[in-house]
1. Hey, fewest Cβ within 10 Å first, where do Lys95, Lys144, Lys29 land in order?
2. Give the residue list of GluC sites (Glu not before Pro) in segment 67-141 that are DSSP loop and have at most 11 other beta-carbon atoms within 10 angstrom.
3. Within the chain, what percent of beta bridges assigned by DSSP are antiparallel, to the nearest 5?
4. Taking amide H atoms as placed 1.01 Å from N in the peptide plane, list the residues 5 or more away in sequence, or in a different chain, whose amide H sits under 5 Å from that of Ala133.
5. Principal axis lengths of the chain from Cα atoms, whole Å, largest first?
6. Which order do Glu61, Glu190 fall in if you start with the one that has the fewest other Cβ atoms within 10 Å?
7. Distance between the C-alpha centers of segment 151-193 and segment 1-63? Whole Å please.
8. Hey, fewest Cβ within 10 Å first, where do Ser14, Ser129 land in order?
Amino acid sequence: MVKEKKVRHLLGISGGKDSAALAIYMRDKEPDMEYFFADTGAELPETLAFVDLMEDYLGKEITRLNAGRDFDYYLKLNGNFLPTARSRWCTTNLKLKPFEEFVGNNPVISYVAIRADEAYREGYVSTKSNISAVYPFKEDGLNKDDIVKILDESGLGMPKYYDWRSRSGCYFCFYQRKVEWMGLHDNHPELFE
Ligand code: SF4
């Protein structure tokens, strides 16, 4: 008799508010949840501190992906060719591929933190047939205000960088607005340099 493979439940912590709120929201609903964080090696100190805090709150390990293969590693492999919106090798190598490696071959339910007010977004798309994505916030109609409330009520609050920046990810991300570059300059002059 062929033994059926166990279904894994995976939730990616990005260091941002939505995935943090989803982890809190799902904590008691799915006891077998596994958490992971695809560290680019160029995260803000505030992001890393928030992920540590989340780990304490959830009471479970958040597996760090990309050990030894960070942004600089892939930059070198790409002949120092920086990623751009048209050639976004960073997302493929630092987010999508490590996620797929972490998934392996077992059937997986991937919990995606897209809110009900973000119907236009899809999140990272994987073509692996053993991954099925679910969208609890979309399904339950939770929007941005609900997410802020979940974080407030948990006592974690918003990640600190939201005072001057609207997203998690690499401190030098090319998607930043001018005002966020200025925020980087004021809050982390050494990283700005
Ligand atoms: S945060 Fe920006 S630079 Fe970093 S992996 Fe994502 S898209 Fe690329």
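Since every read-out is calculated from the coordinates, none of them should be taken as a lab result. Since the model is a prediction, treat every value here as computed from it, not as a measurement. Neighbour counts are summed over all protein chains in view; Cβ atoms, including those assigned to glycine, are modelled from backbone coordinates with ideal geometry.
1. Details: Lys95 19, Lys144 15, Lys29 10.
By the 10 Å Cβ count, ascending, the order reads Lys29, Lys144, Lys95.
2. On the way: sites: Glu100, Glu101, Glu118, Glu122, Glu139; in loops: Glu122.
Answer by residue number: Glu122.
3. Working: 1 of 17 bridges.
Antiparallel: roughly 5 percent of the beta bridges in the chain.
4. Ser110
5. Largest to smallest, the principal-axis extents are 60, 42, 32 Å.
6. Numbers: Glu61 10, Glu190 5.
The order, fewest Cβ neighbours first, is Glu190, Glu61.
7. Taking the Cα centre of each part, segment 151-193 and segment 1-63 sit 21 Å apart.
8. Details: Ser14 21, Ser129 7.
Ordered by Cβ neighbours within 10 Å, fewest first: Ser129, Ser14.
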